[in-house]
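Note sheet for the following structure.
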Amino acid sequence: MSEIKDILQKLIDKKISLIEAEKLLKANLIEEIGEIAKLDILRKTRTGIPEVIFAQNKDSKILIDIITGFLNKNKFAIISRYNEEHKANILENFSNNEDFIIELNDLGKIIVIREVSFSFDKKGGMIGIITAGSSDIPIAIEAKIIAEAMGCEVETSFDVGIAGLHRIFTPLSDMIKRGVHVIIVCAGMEGTLPGVVAALVDIPVIGVPISSGYGMGEKGKGALITMLQSCSPGLLVVNIDNGFGAGSSAAIIANKIAE
């Protein structure tokens, strides 16, 4: 962080302008871990979205090095899409450290490690998350934890898909009464539910196609096409299984509305 101090000192000494200082700070907020990874440590400060460590396909030792790099510079680290080997190594390396709390969600395959004294600031955004089926819950949990890390309050309702369409009305009504700013809808199979919800509300709806489908629309492709082809205005769509993208996008919108 010495470069940041140098930039701030130049600003104090009036050697550079405020605008120049801002540009230099944005350009230098990268932390390197050897030749393995370049970590955008202060992405949350710059964009409002925290950098999340994507564990899938990463070597366990490299993953631990990356997490350690985060925690050396930040008060928290978020790890997504881990496997059992990753989890065992994370717990072995960090669970005995009294300075940190480990919040682990096996269903969503996401872990938050944070300093004991640290908590995410509340920004005022309110988000509803709905899933069509129980198979969609893991991605919904990923979206929920990301949105909470960005300061939002999140209300959830699971397994209310169109196979029993009557189930959607009570939880959706409750969310509107609570004043949610955005609704995330996760759906697999043919992916109809996001379009239905968008046709019922006057707030943005973010559809997340889930890779639970099979046959012609396997691996979420059918759900993605349905959502993209929807004639319901106000529906935005992220990529298949992209809980992180849905949660972060919804949080940006909700927090700006609350602001």
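The values are calculated or read from the model by the stated rules, or taken from the named source; none is laboratory data. A quick note: this is a predicted structure, and the numbers were derived from the prediction, not measured. Cβ placement follows ideal geometry from the backbone for every residue including glycine, while neighbour counts extend to all protein chains displayed.
Within the range 16-72, take every residue that is at pLDDT 80 or above and charged (D, E, K, R) and give me the one that is surrounded by the most Cβ atoms within 10 Å (Cβ to Cβ).
K58
Taking into account only those residues within the range 138-164 that are assigned to a loop (DSSP other than H, G, I, E, B) and among the small types (G, A, S), which is nearest to P209 (Cα to Cα)?
Step one: of the range 138-164, the residues assigned to a loop (DSSP other than H, G, I, E, B) are 150-152, 158-161.
Retained after the next criterion (residues that are among the small types (G, A, S)): 151, 161.
On the way: G151: 25, G161: 13 Å.
Step by step, filter the range 138-164, then rank; the result is G161.
Could you list all residues from the range 205-236 that are surrounded by fewer than 24 Cβ atoms within 10 Å (Cβ to Cβ) and among the hydrophobic types (A, V, I, L, M, F, W, C)?
Hits for the range 205-236 are M216, L224, I225, L228, C231, L235, L236.
Of all residues being over 17 Å from M175 (Cβ atoms) and in a loop (DSSP other than H, G, I, E, B) in the range 193-216, which is nearest to the chain's Cα centre (by Cα)? Just the residue, please.
Looking at residues that are over 17 Å from M175 (Cβ atoms) and in a loop (DSSP other than H, G, I, E, B), I get I210.
Does I130 satisfy the condition of being closer than 30 Å to I64 by Cα, in contact with a Pro (Cβ under 9 Å, 6 or more places away or on another chain) and either part of a loop (DSSP other than H, G, I, E, B) or assigned by TED's automatic domain parsing to the domain that holds F244 (or both)? Write out each step before concluding.
On the way: closer than 30 Å to I64 by Cα: no; in contact with a Pro (Cβ under 9 Å, 6 or more places away or on another chain): yes; either part of a loop (DSSP other than H, G, I, E, B) or assigned by TED's automatic domain parsing to the domain that holds F244 (or both): yes.
Judged against the criteria, I130 is not a match.
Scan the range 64-74 residue by residue and report those that are without any contact (Cβ under 8 Å) to a residue 40 or more places away in the chain and either at positive phi or within 19 Å of the chain's Cα centre (by Cα) (or both).
Hits for the range 64-74 are I66, F70, N74.
Can you name every residue in the range 202-226 that is free of Cβ contacts under 8 Å to residues at least 40 places away in the same chain, among the aliphatic types (A, V, I, L, M) and within 25 Å of S80 (Cα to Cα)?
Filtering the range 202-226 for residues free of Cβ contacts under 8 Å to residues at least 40 places away in the same chain gives 202-203, 205, 207, 209, 211, 213-226.
Remaining after also requiring among the aliphatic types (A, V, I, L, M): 203, 205, 216, 223-225.
Scanning the range 202-226 gives V205, A223, L224.
Could you list, in sequence order, the residues of the range 101-149 that are over 12 Å from the mean Cα position of the chain (by Cα), surrounded by fewer than 24 Cβ atoms within 10 Å (Cβ to Cβ) and among the small types (G, A, S)?
S117, S119, G124, G133, S134, S135
What number goes with the only condition from (1) in the same structural domain as P209 (by TED's automatic domain parsing); (2) within 24 Å of M150 (Cα to Cα); (3) in a helix (DSSP H, G or I) that L71 does not pass?
So L71 meets the others, but not (1).
Condition check: outside the structural domain of A250 (by TED's automatic domain parsing) and over 22 Å from V52 (Cβ atoms). Does E103 satisfy that? Talk me through it step by step, then tell me what you get.
Values: outside the structural domain of A250 (by TED's automatic domain parsing): yes; over 22 Å from V52 (Cβ atoms): no.
For E103, the condition - outside the structural domain of A250 (by TED's automatic domain parsing) and over 22 Å from V52 (Cβ atoms) - is not met.
Quick one: count up the residues across the range 74-98 that are farther than 13 Å from A55 by Cα, in a strand (DSSP E or B) and either among the polar types (S, T, N, Q) or not assigned by TED's automatic domain parsing to the domain that holds L63 (or both).
0
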